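These notes concern the structure reproduced below.
The values are calculated or read from the model by the stated rules, or taken from the named source; none is laboratory data. The shown structure was predicted, so the numbers you read here are calculated from the model rather than taken from an experiment. Neighbour counts run over all protein chains shown; Cβ positions are idealised from the backbone, glycine included.
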Amino acid sequence: MPPVATNRQPVPTSEDLVALLRGVVDPELGSDIVDLGMVRRAIADPAGAVVVTIALTTSGCPLRAQIQRDIRARIGSVPGVTDVRIEWTEMTQAEKSSAMAKARWNISQRDEQTSLGPSTRVVMIASGKGGVGKSSVTVNLAAAMAARGLTVGVLDADVAGFSVPRMVGLEGRLGGYEQDGHKVMVPLERTMGDGVIRVVSMGFLVEDEETALMWRGLMLNRGVQHFLQDVAWGDDLDYLLIDMPPGTGDVQMGVAKLLPRAEVVIVTTPAVAAQKVATRAVSMARKSYLRVAGVIENMSAFTCEHGTSYPLFGAGGGEALAADAGIPLLGQVPLEPSVSAGGDAGQPVALGSGPAADAFRAIAGTIVEEAVPPPELAGCSARMLEAAVAALDAADATDGAKSLTASATAPAAGTAPFSTQ
Ligand SMILES: Nc1ncnc2c1ncn2[C@@H]1O[C@H](COP(=O)(O)OP(=O)(O)OP(=O)(O)O)[C@@H](O)[C@H]1O
Ligand SMILES: [Mg+2]
């Protein structure tokens with residue numbers, strides 16, 4: 001029996017905690033902190049107070065604050081957890097060499113798990129039921145984030161019922177090239193404001209939606225896997241937004257397995273009745289050890305030009321879900337004809353004006369600045385790379401890492417996970 005907290009929520013076990021910590025990536029070393037051997041201990045007492053002991057490669061590690069934030073965000077959002085304390089320690093020389101060897105190994109095995117760079121933040125846009133506006137939210141958030149100067153990927157995981165191509169105003173075929181005997185797909189791109197979106201969808205691979213439907217059982221999961229593994233997303237990608245299909249938990253579980261660092265944003269409608277279904281989506285994400293970063297209420301009250309508000313689809317659902325699940329309400333997007341008109345015209349409303357556009361821009365701001373901020377890499381990458389190379393050389397000179405033949409200083413062009421800024 002797991003210990004039980006006073007609030008009667010079961011307390012996570014150490015195994016649960018370690019699974020959650022797999023979502024914390026050291027963006028410099030390109031691997032998660034569990035894999036790198038940085039997690040010494042992770043336990044929760046019966047009252048839900050968690051202590052995590054992390055061994056850093058160097059106690060002055062500039063990424064310490066980043067790692068701390070990520071651990072707090074991931075573990076702190078789990079029901080039953082009442083407090084998160086982090087203890088720091090430093091690796092021994094031998095542990096350091098082994099972590100660096102692991103990092104070097106990861107550099108040479110880039111395509112092992114996915115083709116995403118280590119500093120790309122991944123956000124899944126999911127819901128309990130269909131038609132609540134996942135695709136509209138995905139596309140508009142991508143547009144609003146790009147308009148802030150970011151590079152944003154959009155992965156249309158709705159393989160059989162894709163709607164992203166039309167909504168972003170892109171059509172055509174995915175380009176591709178061969179690399180080491182396997183095909184790499186190149187996303188279609190569109191500039192938005194100072195930034196850019198890179199989009200991959202089944203709609204760029206098949207002739208029409210009918211053909212796509214035929215792929216259903218066969219491709220549903222494999223299709224998404226290909227999009228994560230065989231697409232040249234680019235190491236400069238700041239965010240990848242994944243537009244999830246309605247229903248099926250298979251795709252979500254597939255993504256969770258490949259990308260434990262993915263975070264989930266739940267879209268719900270304002271009807272309090274919709275809350276139950278959305279709660280299921282939250283618990284499904286948590287069962288896969290994914291962090292739920294927040295809720296977006298879509299199709300909230302429509303306000304006419306005279307200022308009268310019409311809550312056509314009810315009110316309060318988003319707030320109720322957020323309170324119930326203990327996650328922030330990131331914002332409310334009003335029901336507004338411009339949202340669907342923008343979707344049909346391939347011109348996301350977030351690039352224009354009006355209450356819905358303002359709401360999308362505000363939510364994008366909250367995600368980038370608070371809920372899922374990009375890792376702070378500036379100023380330390382080159383230093384860390386130097387330290388990594390020195391440690392690797394030392395390890396090579398003595399023992400262990402000799403069998404790992406790849407060079408940490410010269411990963412293949414365009415695939416270097418280290419940013420040099
Ligand atoms: N805030 C809004 N105001 C007006 N119309 C909206 C709004 N959000 C979404 N819509 C419209 O509602 C319909 C469903 O939206 P969308 O396709 O984004 O939902 P979805 O959750 O992705 O659906 P599915 O589950 O089928 O993938 C679309 O026609 C879209 O234009
Ligand atoms: Mg959709």
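Any residue at all in segment 143-151 that is surrounded by fewer than 24 Cβ atoms within 10 Å (Cβ to Cβ), in the same structural domain as Val255 (by TED's automatic domain parsing), under 25 Å from Pro245 (Cα atoms) and at pLDDT below 95? No, every residue in segment 143-151 fails to be surrounded by fewer than 24 Cβ atoms within 10 Å (Cβ to Cβ), in the same structural domain as Val255 (by TED's automatic domain parsing), under 25 Å from Pro245 (Cα atoms) and at pLDDT below 95. When Gly314 is tested against (1) within 16 Å of ligand 1 (Cβ to nearest atom); (2) in contact with a strand residue (DSSP E or B) (Cβ under 6 Å, 6 or more places away or on another chain), only condition (2) is not met. Selection over segment 225-256 of residues that are within 16 Å of ligand 1 (Cβ to nearest atom) and either hydroxyl-bearing (Ser, Thr, Tyr) or in contact with a Gly (Cβ under 6 Å, 6 or more places away or on another chain) (or both) gives a count of 2.
Scanning segment 132-173 for residues that are away from ligand 1 (no atom under 12 Å from the Cβ), within 18 Å of the chain's Cα centre (by Cα) and assigned to a helix (DSSP H, G or I) yields a count of 5. Under the condition of being modelled with pLDDT of 80 or more and surrounded by fewer than 24 Cβ atoms within 10 Å (Cβ to Cβ), which residue from segment 97-115 is farthest from ligand 2 (Cβ to nearest atom)? Per the stated criteria, the residue is Ser97. Of the residues making up segment 289-309, those that are more than 16 Å from ligand 2 (Cβ to nearest atom), under 25 Å from Ala364 (Cβ atoms) and touching a helix residue (DSSP H, G or I) at 6+ places or on another chain (Cβ under 7 Å) are Leu290, Arg291, Val292, Ala293, Gly294, Val295, Glu297, Thr303. Residue under question is Arg8, and the condition is that it be under 20 Å from Ser283 (Cα atoms) and modelled with pLDDT under 90; does it hold? So Arg8 fits the description; yes.
Quick check: anything in segment 287-308 part of a helix (DSSP H, G or I) and either out of contact with any Ser or Thr (no Cβ under 8 Å at 6 or more places or on another chain) or under 29 Å from Ala147 (Cβ atoms) (or both)?
yes
Residue by residue, here is whether (1) in a loop (DSSP other than H, G, I, E, B); (2) in contact (Cβ under 8 Å) with a residue 40 or more places away in the chain; (3) in contact with a helix residue (DSSP H, G or I) (Cβ under 9 Å, 6 or more places away or on another chain); (4) over 25 Å from Gly169 (Cβ atoms) holds:
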{"residue": "Ala315", "(1), (2), (3), (4)": "yes, yes, no, yes"}
{"residue": "Asp324", "(1), (2), (3), (4)": "no, yes, yes, yes"}
{"residue": "Gly331", "(1), (2), (3), (4)": "no, no, yes, no"}
{"residue": "Asp344", "(1), (2), (3), (4)": "no, yes, yes, no"}
{"residue": "Ile367", "(1), (2), (3), (4)": "no, yes, yes, no"}
